[in-house]
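Heads up: the structure comes next, in structure tokens.
The values are calculated or read from the model by the stated rules, or taken from the named source; none is laboratory data. Since the model is a prediction, treat every value here as computed from it, not as a measurement. Virtual Cβ from ideal backbone geometry, glycine too; neighbours counted across all protein chains shown. The accessibility values were calculated without ligands, DNA or RNA, using every heavy atom of the protein model including side chains. Shrake-Rupley method; radii C 1.70, N 1.55, O 1.52, S 1.80 Å.
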Amino acid sequence: MTDHGTPVILVVEDEPSVAEGYELWLADQYEIRLAYDGQEALETIDDSVDVVLLDRMMPKLSGKQVLREIRNRGIDCRVAMVTAVEPDFEVIEMGFDAYITKPPERQELLDTIEQLLDRSTVSDTFQEYHSLMARKGALQTQKTETELAGNEAYQDLLEQIETKRAAVDDDLGDMGSDIGFVSAVRDFADDDGDFEDSELDDELAFNETEEDE
Amino acid sequence: MSDTYDVSGLLPGSVLDELPPGTNVAIIGPTMSGKREVALQLLATGYESGEGILCITTDSAAKICTELERHVDSLDQDRVGIIDTSGSDGQEFLNAMTENISSPSDLTGISIGTAKLSQQFTNRGVTDIRYGLISISTLLQYMSNKKVFKFLHVYTKRISSTGALGIYTLNTDSHDLQVVNMMIGLFDGIVEFRENEAGEFEFRVRGFGRKSTPWQSL
């Protein structure tokens with residue numbers, strides 16, 4: 001995943017005219033790479049790719065097989081399945097982050113890509129939101145409600161929390177969507193355990209340092 | 001979808017009568033303070049009038065079904081879904097749709113189960129759903145508070161964007177107070193229990209955009 005600059009979209013589509021159609025729609029805003037089958041997709045993909053548009057039905061490797069290999073390699077990108085048939089639950093279970101029904105509308109394609117790009121920043125925003133909330137939780141154990149009500153730093157913290165919460169929710173997108181919801185949970189569910197007694201203290205120390213800057 | 005969820009008859013007086021769709025409420029208190037009963041009752045309150053119940057449990061589905069049956073005449077498979085994370089094999093016959101997850105730490109599995117069961121409800125025309133999560137404390141035994149926090153944030157957001165009612169339980173004496181306070185911050189309101197010096201249980205209601213109620217005896 002790229003940290004800055006133009007997002008990179010990998011289009012995997014065996015029908016050249018369709019692939020080039022997407023490229024025409026997307027090339028203004030993104031860097032586009034094209035792959036005409038699953039094998040080529042796996043040769044092309046690397047950590048610089050942000051979003052993959054993956055056709056479900058392709059000769060040789062299917063979209064499902066390509067997705068599995070992308071996940072196995074641990075490449076940090078969002079993958080949308082592009083499918084002509086209304087997808088069943090399997091698409092969610094397989095680990096796709098979104099799906100687009102064929103033929104897509106231009107706006108639908110752009111909206112889906114934007115949502116997936118937002119989602120790739122949620123991990124950092126979430127981390128910051130958790131830190132702020134941990135800090136609030138700590139202050140609540142140290143001071144009474146009356147003390148907190150008159151404490152300017154605490155009131156500032158509440159404002160920061162509201163701003164951060166809104167940012168997280170914006171990055172998450174529509175959690176009423178089944179695939180969006182499962183994909184959002186999957187994003188952090190597989191993180192390695194950070195199960196330490198001191199983790200909250202670390203969060204607090206992190207915040208203190210931040211404020212000194 | 002109805003305008004509100006009926007939550008009357010739950011607590012003495014009429015401190016809490018109804019809640020708007022999309023509300024998340026946590027029932028918190030020390031061990032054995034009756035939170036679980038209140039949460040189950042809250043889950044079951046709209047059942048007779050056609051609502052659905054979708055409950056994530058860290059115990060077996062069979063146990064939750066038995067407990068729910070104390071609050072409703074009879075369970076109807078079409079309107080009850082249980083996500084059993086206890087690792088049981090799910091071979092028992094229950095009057096509920098069940099999804100079996102191998103461990104409470106399989107959050108992806110829990111979210112897939114939730115999405116599957118909510119689709120089942122939609123297919124059956126059940127639009128008003130009360131979601132339960134019993135209990136947050138068990139999740140905290142399996143995962144870091146950071147991970148549980150993120151999960152609950154996403155989960156509560158799902159509840160609010162689908163217009164459901166979310167009901168959660170949390171033990172206040174099993175975790176650091178700081179962690180409890182942090183988790184509480186994710187919910188719209190809290191029903192809190194405590195034991196007073198005479199050994200009796202009291203409750204208060206906080207949040208829901210109004211002033212906290214004073215402690216009252218049950």
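Of the candidates A:148, A:139, A:132, the single residue that is open to solvent by 20 Å² or more (accessible area, probe 1.4 Å), in a helix (DSSP H, G or I) and either farther than 18 Å from residue A:169 by Cα or not small (Gly, Ala, Ser) (or both) is A:139. Only one residue in B:173, B:188 is touching a residue at least 12 places away in the same chain (Cβ under 8 Å), under 24 Å from residue B:54 (Cβ atoms) and of a type in the set (Asp, Glu). Which one? Step by step, each of B:173, B:188 is checked, and only B:188 is touching a residue at least 12 places away in the same chain (Cβ under 8 Å), under 24 Å from residue B:54 (Cβ atoms) and of a type in the set (Asp, Glu).
Could you check region B:35-65 and list, in sequence order, the residues that are open to solvent by less than 10 Å² (accessible area, probe 1.4 Å) and touching a His at 6+ places or on another chain (Cβ under 9 Å)? Before you say what the answer is, go through the steps one by one.
The first filter runs over region B:35-65 and keeps only residues open to solvent by less than 10 Å² (accessible area, probe 1.4 Å), leaving B:39-40, B:42-44, B:46-47, B:52-57, B:61, B:64-65.
Of everything in region B:35-65, those that are open to solvent by less than 10 Å² (accessible area, probe 1.4 Å) and touching a His at 6+ places or on another chain (Cβ under 9 Å) turn out to be B:40, B:43, B:44, B:47.
In region B:48-59, the count of residues that are closer than 18 Å to residue B:141 by Cα and part of a loop (DSSP other than H, G, I, E, B) is one or more. Inclusion of residue B:113 among residues that are open to solvent by 10 Å² or more (accessible area, probe 1.4 Å) and small (Gly, Ala, Ser) is not warranted. Counting only residues that are under 17 Å from residue A:110 (Cα atoms) and either open to solvent by less than 40 Å² (accessible area, probe 1.4 Å) or in a loop (DSSP other than H, G, I, E, B) (or both), region A:14-33 holds 9 of them.
Residues that are crowded, with 18+ Cβ neighbours inside 10 Å, at pLDDT below 95 and away from chain B (no Cβ under 13 Å) within region A:116-129 comprise just one, A:120.
Hey, does region A:103-114 have a residue that's open to solvent by less than 40 Å² (accessible area, probe 1.4 Å), more than 11 Å from chain B (Cβ to nearest Cβ), in contact with a Pro (Cβ under 9 Å, 6 or more places away or on another chain) and modelled with pLDDT of 95 or more? Scanning region A:103-114 turns up at least one residue that is open to solvent by less than 40 Å² (accessible area, probe 1.4 Å), more than 11 Å from chain B (Cβ to nearest Cβ), in contact with a Pro (Cβ under 9 Å, 6 or more places away or on another chain) and modelled with pLDDT of 95 or more.
Could you tell me which of the residues A:146, A:163 is more than 11 Å from every other protein chain (Cβ to nearest Cβ) and farther than 16 Å from residue A:126 by Cβ? Write out each step before concluding.
Details: A:163 fails: farther than 16 Å from residue A:126 by Cβ.
The conditions single out A:146.
Restrict the check to region B:161-174 and report whether at least one residue is on the phi > 0 side of the Ramachandran plot and more than 14 Å from every other protein chain (Cβ to nearest Cβ). Among the residues of region B:161-174, not one is on the phi > 0 side of the Ramachandran plot and more than 14 Å from every other protein chain (Cβ to nearest Cβ), which makes the answer no.
Look at (1) within 14 Å of chain B (Cβ to nearest Cβ); (2) within 12 Å of residue A:13 (Cβ to Cβ); (3) hydroxyl-bearing (Ser, Thr, Tyr) and you find that residue A:99 fails only one, number (2). Being among the aliphatic types (A, V, I, L, M) and either open to solvent by less than 10 Å² (accessible area, probe 1.4 Å) or facing another protein chain (nearest Cβ under 8 Å) (or both) is a description that applies to residue A:172. Sort out which residues of region B:112-154 are at the interface with another protein chain (Cβ under 9 Å from one of its Cβ atoms), in contact (Cβ under 8 Å) with a residue 40 or more places away in the chain and over 18 Å from residue A:134 (Cα atoms), and write them in order of number. Within region B:112-154, B:114, B:118 meet the criteria. Only one of the listed residues (A:5, A:63) is farther than 30 Å from residue B:115 by Cβ and modelled with pLDDT under 95. That residue is A:5. Scan region B:5-28 for residues that are in a loop (DSSP other than H, G, I, E, B) and farther than 14 Å from residue B:128 by Cα and the total you get is 10. Every listed requirement among (1) touching a strand residue (DSSP E or B) at 6+ places or on another chain (Cβ under 6 Å); (2) farther than 14 Å from residue B:30 by Cα; (3) at pLDDT below 95 is met by residue B:201 save one, (2).
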